[in-house]
Amino acid sequence: MFKLIYLYLTLTLIPIFNAGMDNEIVNILLILGLGGMVYYNFKCKENIYIEKNSPLYFYLIFIIYAGLSFFWSIYKLRTMIEFLQLLLYGLVLFLTINLSKEEKMKTIKIVTLFGFLIALLGILEYVFIKPQRIVSAFFNPNPFGTYLVMLFLFSLGFYLKNEKRKFAFSSVVFFIALLLSGSRGALIALVVSLPFIFLDSKGSAKRDILRTLFIVIAGFILTRGLVYITPIVQNNLNINIDFLSNLIRKDSLTGTSFTGRIEFWKAGLRAFIEKPRTGFGLGTFFSAYFLGYGKNQWYSRFAHNHYIQTLTELGIIGFILFLIFVGSVIFTFFKIYKKEHDVCYVGSFAAIIAFFAHIFIEFSWNFPAVTMTAFWIIGLNLSSDKSKYILNIKPLFSRIISIGLLLLVILHTVSTNVYKIGFKFEDNGDDLKALKAYHTINTIYPINPNGMLFESNIYVKDYNESLDLDKLDKGIEYAKKAVDLAPFEGKLHTHLAQLYYSKGDYENAKKEYELGKKICRICGI
């Protein structure tokens, strides 16, 4: 029962809260999930079995390596955040695999329903608020497009094999929302993956193709109708919406969209050459970008190509492990095709192909709602057969791992909130309590460069009031710690430069200022 309830919560709540992007909902749900695993381990005392050469097996190897990159990461805080996200994806995959067929069907109904409501919210947003690219509960239309294309293909495949009209209706809604998202990458991924819908058609190929054409045409017609009525609904007949132009956006095809991506990829590859074996650490592309900067106006937090991003962050070793995982997923789906499989199979296969295709030109992997949904879809098509398992994790070992990871997530989450408490103390003028809060968490969990900056600022503020040079030295000490934790963060270098200048150390002040200015210019600050 725990597995089912937890998946209900995770698969429905994360898409609602900014798709889980930089949102504490991920950590909260991870705490609940790991806490449940600890309770289950103590209560049931069962072994955990993982099949050799399964996607879960290869993902486990990948996530272990990604976690180890923390030790050589150039931005440990971001590495930890990304690691916790990977942990969540793995937990969703593991729990979904271990559901019964009836429980899997229940999750299909709930995910489709909530996805339908999120898509409908985006459509209503377009009609009643503003006729622009819709984002719904997401804050970026491109990852939203990935989410929609996966659910569209999944629902369509389910309808073709199950003939339940509600899945046909939801497919139409997902397709309308996909068009209104204006995500060209998602549409390209759709074109690439749609043929997989007919992989299992055999004698029903003609019928399946006609039904698919009907849903796609209906989606286009209804979308055109929505575009037509939107100015009327919003009482603004001066709105001139050219649906096709808005969808294609030809000015950016060879401009910002295409050129920008090429520059991001080049920067990532140049940075990779600097550290090819191990990379710079999980989640550090935005920081490593400095080393691959092409001396132009382009900068991005993400590579807009997760394969290149993985190469930059985890080096050739991590890249190969990631490709093995991707390959194991696709190979497993082909193996399932030759056997008896569930009605959700073809839609799942097409959805996964779309996902792996879209992350080649977009940063959707970094949106937990998108990747988590993909891992759920993978898990739906895998089964828990103990006769095939090679990794047999004993209850004691699984308890140690679960408890250790649970404590890590709690520590990470609590540290973030302790800083917020410190902010409140500062707002109330109680700098001493704020300093105590910052110092405590910086001592227990010393990986946050911003936390070191907060502590430095308190000492600098005290110095400005008292002119006590010991306070200035303390401010410099913690500013240097912040720089060590994030060597390519421009604002930290400029902050340290100011402190050196105040102390009269003009040589170091100039050095830090020049470096900070250079990095800030790259990042567009």
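Just so you know, all these numbers are worked out from the coordinates, no wet-lab data involved. Small disclaimer: the values here were computed from a predicted structure and weren't measured. Here Cβ is always computed from backbone atoms with ideal geometry, including for glycine, and neighbour counts include all displayed protein chains.
Assorted remarks:
- Here Cα extents along the principal axes in Å was computed from the coordinates, and among (i) 83, 67, 46; (ii) 74, 57, 35; (iii) 69, 57, 44 the match is (i).
- Isotropically averaged projected area of the stretch 398-522, using the convex hull of Cα atoms (one quarter of hull area), nm²: 9.0
- Amide H contacts for E51 (H built 1.01 Å from N in the peptide plane; partners 5 or more residues away or on another chain; cut-off under 5 Å): I390.
- Dipole axis of the chain (+1 Lys, Arg; -1 Asp, Glu on Cβ), positive-most option in L160, I28, I317: L160
- Unit charges on C-beta of K, R, D, E only; dipole of the chain, Debye: 1700
- Trypsin sites (Lys or Arg not before Pro) restricted to DSSP loop in the stretch 276-352 with at most 12 other C-beta within 10 Å: R277, K295, K338, K339
- Karplus-derived 3J(HN,Hα) values for the stretch 103-119, using 6.51 cos²θ - 1.76 cosθ + 1.60 with θ = phi - 60°, are 5, 4, 5, 5, 5, 4, 5, 6, 5, 5, 5, 5, x, 4, 5, 5, 5 Hz; glycine and proline are entered as x.
- Gain on full stretching of the segment that runs from D505 to D430 - 0.36 nm per residue minus C-alpha separation: 23.9 nm
- Backbone phi angles across the stretch 211-218, fed through the Karplus curve with coefficients 6.51, -1.76 and 1.60 (θ = phi - 60°), yield HN-Hα couplings of 5, 5, 4, 4, 5, 5, 5, 4 Hz in residue order; Gly and Pro are listed as x.
- Applying the criteria of a DSSP loop state and at most 11 other Cβ atoms within 10 Å to the trypsin sites (Lys or Arg not before Pro) of the stretch 1-107 yields K52.
- Trypsin sites (Lys or Arg not before Pro) restricted to the stretch 145-174 and DSSP loop, no more than 15 other C-beta within 10 Å: K164
- Pairs from K424/K491; K491/K511; K266/K517; K109/K166 whose Cα-Cα separation, in the structure shown, is over 20 Å: K424/K491; K266/K517
- Note that the stretch 437-445 has calculated 3J(HN,Hα) couplings of 5, 5, 5, 4, 6, 5, 7, 6, 9 Hz, one per residue in order, obtained from phi through the Karplus relation 6.51 cos²θ - 1.76 cosθ + 1.60 (θ = phi - 60°); glycine and proline are x.
- Around H306: net Lys/Arg minus Asp/Glu count, Cβ-Cβ under 14 Å: -1
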